[in-house]
Amino acid sequence: AQSVTQLDSQVPVFEEAPVELRCNYSSSVSVYLFWYVQYPNQGLQLLLKYLSGSTLVKGINGFEAEFNKSQTSFHLRKPSVHISDTAEYFCAVRQGGSEKLVFGKGTKLTVNP
Amino acid sequence: GAGVSQSPSNKVTEKGKDVELRCDPISGHTALYWYRQSLGQGLEFLIYFQGNSAPDKSGLPSDRFSAERTGGSVSTLTIQRTQQEDSAVYLCASSPPNSPLHFGNGTRLTVT
C-alpha cells in the first residue's frame, strides 16, 4: 500500500529565512503528488500539485516543490518565509489508477519574528 | 461559489451514543472522501465514493463506522456506540475525476 513520510513533525524558522519541508513516498510506477496547507482554525487548501511534465512545480504564496523519482521525494521549498506562512503542511500521494489520496502526518511550520 | 459543506461543525456526545455527520459536496463532483484528523496523526483515510458506490472503504476503523451517499451528492458518516477514541475532526472532501480534492471545514466530534 502507498505510504507517505514527512520526516519533520515541526519546523521552526525565522522570518525571511529559507525553508524546506521534506516528503518521501513509497515507490510506485506512476504517482500524482500534492501539498496541502492548513492555516490555524481553517480547512485544508491546495498549495501545489505534480501530475506530469516539469519536475519543478510552483504553487501559491511563493512555494515550489520538486519531484524526484529516483529518490521518491517531493520536498516543498520557499526561499524566504513570512509570519503568515505559519501553518501545518501536508504532503499527499495518489497512485496512478486509484482515486485514493494518502496523506502524510503533516509538518507544523512556525515562522518567528 | 459554494464549497464543501459539513454539518454540524461541532458535536459533543456521550460515550455509547450514535452520531451522524453530514457532507454536502460541491455540485457536480463525482468523488467524495471522508478523512479523520487526530492530533499528531495527520489525515487518516476512511472511505471514498465514486457516485453512490464505495470502491474503497478500507480505512473504516471498525464495524461501528459506516457511510452512505445518495443521489451522487450528500453523504452521511455514521458512528455507532461512540467511544472516546472516536474524538477527532472528521473531514469531507470532493473532487471531479482526476482532480485535486476540495475540503470542507470539518466536524469536530467530542465523545465524553
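What is the protein assembly as shown by shape, rounded, prolate or oblate, if you read a ≥ b ≥ c off the alpha carbon gyration tensor as root eigenvalues and call it rounded for a/c under 1.5, prolate for a/b larger than b/c, and oblate otherwise? Here the protein assembly as shown falls in the prolate category. Residues in segment A:42-55 carry Karplus couplings, in order, of 10, x, 7, 9, 6, 9, 6, 8, 10, 10, 5, x, 4, 7 Hz; the curve used is 6.51 cos²θ - 1.76 cosθ + 1.60 with θ = phi - 60°, and Gly or Pro positions show x. Taking segment A:24-113, which trypsin sites (Lys or Arg not before Pro) meet the DSSP loop condition and have no more than 14 other C-beta atoms within 10 Å? Within segment A:24-113, the qualifying trypsin sites (Lys or Arg not before Pro) (loop, at most 14 other Cβ atoms within 10 Å) are A:LYS69. Our coupling estimate for segment A:65-70, obtained by passing each phi through the Karplus curve with A = 6.51, B = -1.76, C = 1.60 and θ = phi - 60°, is 9, 10, 7, 10, 5, 5 Hz, Gly and Pro reported as x. With θ taken as phi - 60° and the Karplus curve 6.51 cos²θ - 1.76 cosθ + 1.60 applied, the whole-hertz 3J(HN,Hα) list for segment B:47-58 is 6, 9, 10, 10, x, 9, 9, 10, x, 9, 10, 5 Hz, x standing for glycine and proline. Ordering A:LEU51, B:GLY51, B:HIS29 by Cα displacement along the dipole of the protein assembly as shown toward the positive end leaves B:GLY51 in first place; charges were set at the Cβ atoms of Lys, Arg (+1) and Asp, Glu (-1).
Residue pairs exceeding 21 angstrom between C-alpha atoms, taken from A:LYS49/B:LYS57; A:LYS49/A:LYS78; A:LYS58/A:LYS78; A:LYS100/B:LYS57; A:LYS78/A:LYS108: A:LYS49/B:LYS57. Its relative contact order, with pairs defined as Cα atoms under 8 Å and 6+ residues apart, puts segment B:1-53 at 28 percent.
DSSP assigns beta bridges within segment A:1-109; of those with both partners inside it, close to 95 percent run antiparallel.
Read-outs throughout are calculated quantities, based only on the coordinates presented, and are distinct from any laboratory measurement. Bear in mind the structure is a predicted one, so any value in this text is a computation, not a measurement. Reconstructed Cβ throughout: ideal geometry from the backbone, glycine too, with neighbour counts over all protein chains shown.
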